[in-house]
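Take a look at the structure below.
Quick note: the coordinates plus some simple rules give every number you see, no bench work behind them. Note that the structure is a prediction, hence the values are computed from the model and not measured. Neighbour counts run over all protein chains shown; Cβ positions are idealised from the backbone, glycine included.
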Amino acid sequence: MYEYFIFDILLGFLWLALFLRFRKLRKEIMFGSVIYPSILILLFLLTWLLSQFFDLTWRYTPDYWNPNTLFNLIRITGGLSIEDFLFMFFFGGIVSIAYEVLFKRKSVRAKKKHHILSLVGFVGSYLFIAFLFSFNPIYNLIISSFVGFLIMLLQRPDLFKHALWSACIFTALYFLGFFLFNLVFPYALSTYWNLNALSGVLLFNVPLEEFLYAFSFGLMWGPLYEYVKGKKIK
């Protein structure tokens with residue numbers, strides 16, 4: 001079965017509903033949907049390339065999980081598939097407007113500088129950790145997202161509230177999605193996740209690492225549009 005693909009399709013309906021409903025937020029949605037997979041795919045390719053010359057951990061499959069995907073791409077590439085791209089595309093767009101939608105806020109022009117240092121710090125941190133440590137790459141992704149958030153906070157402390165709420169909203173949404181996924185596919189967690197390589201801590205039958213990923217993702221990527229474009233939330 002292709003559980004991951006089915007989940008992505010359902011997620012796509014949510015993305016489409018938001019895209020159609022909130023016309024004024026479409027630029028933000030598309031920004032998040034493009035920037036997140038672009039950076040992550042670039043990072044994945046960089047670590048793969050470096051792994052040909054250096055001993056570093058980079059494979060999400062099977063080190064973190066090992067789901068079924070279209071054309072078995074995730075097992076061939078070590079962690080990059082059509083489903084991964086769809087997941088990053090849809091979730092990147094959703095998290096970029098989650099705060100605005102829930103609290104009925106809007107992104108407006110402001111006399112703020114355009115920044116990209118958070119993205120540079122995220123990529124640099126990921127590569128630096130990959131060279132120094134051999135732990136599961138999911139932890140690298142979590143830590144690097146926190147690093148990116150801290151850099152963002154130093155440059156734009158006004159985005160802290162936006163970041164924190166984005167993290168909380170996205171974590172709640174992610175948990176709901178994971179809960180429904182487990183409900184429909186109760187065998188998936190024990191079959192596809194490499195729990196022996198993780199902390200082993202499950203919260204409501206969801207690996208702790210998934211919560212940490214969702215929270216760190218929301219912190220950094222939620223307010224990224226305003227950070228890069230020099231805008232503020234009103």
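A few remarks follow.
- Couplings for segment 97-105, taken from phi via the Karplus curve 6.51 cos²θ - 1.76 cosθ + 1.60 with θ = phi - 60°, read 10, 4, 5, 4, 5, 5, 9, 6, 9 Hz in order; Gly and Pro are left as x.
- Volume of the Cα convex hull of segment 104-234, divided per residue and given in Å³: 109
- Nearest-ten-degree value, helix 160-184 long axis tilted from longest Cα axis of the chain: 40
- Computed about its Cα centre, the charge dipole of the chain is approximately 1680 debye, with only Lys, Arg, Asp and Glu carrying charge at their Cβ.
- Selection from Val108, Leu86, Tyr174, by position along the positive dipole direction of the chain (Cβ): Val108
- Cα centroids of segment 178-234 and segment 17-65: 14 Å apart.
- Helix 3-21 and the longest principal axis of the Cα set of the chain meet at an angle near 10°.
- Rounded tilt (10° steps) of 26-51 against the dominant C-alpha axis of the chain: 40
- Charge-dipole axis of the chain as Lys and Arg at +1 and Asp and Glu at -1 on Cβ define it, positive-most pick from Thr77, Pro157, Leu42: Pro157
- By the helix-only formula, in which each DSSP H run with n ≥ 4 contributes -39500 (n - 2.57) and the sum is divided by residues, the chain has a 222 nm mean residue ellipticity of -22000 deg cm²/dmol.
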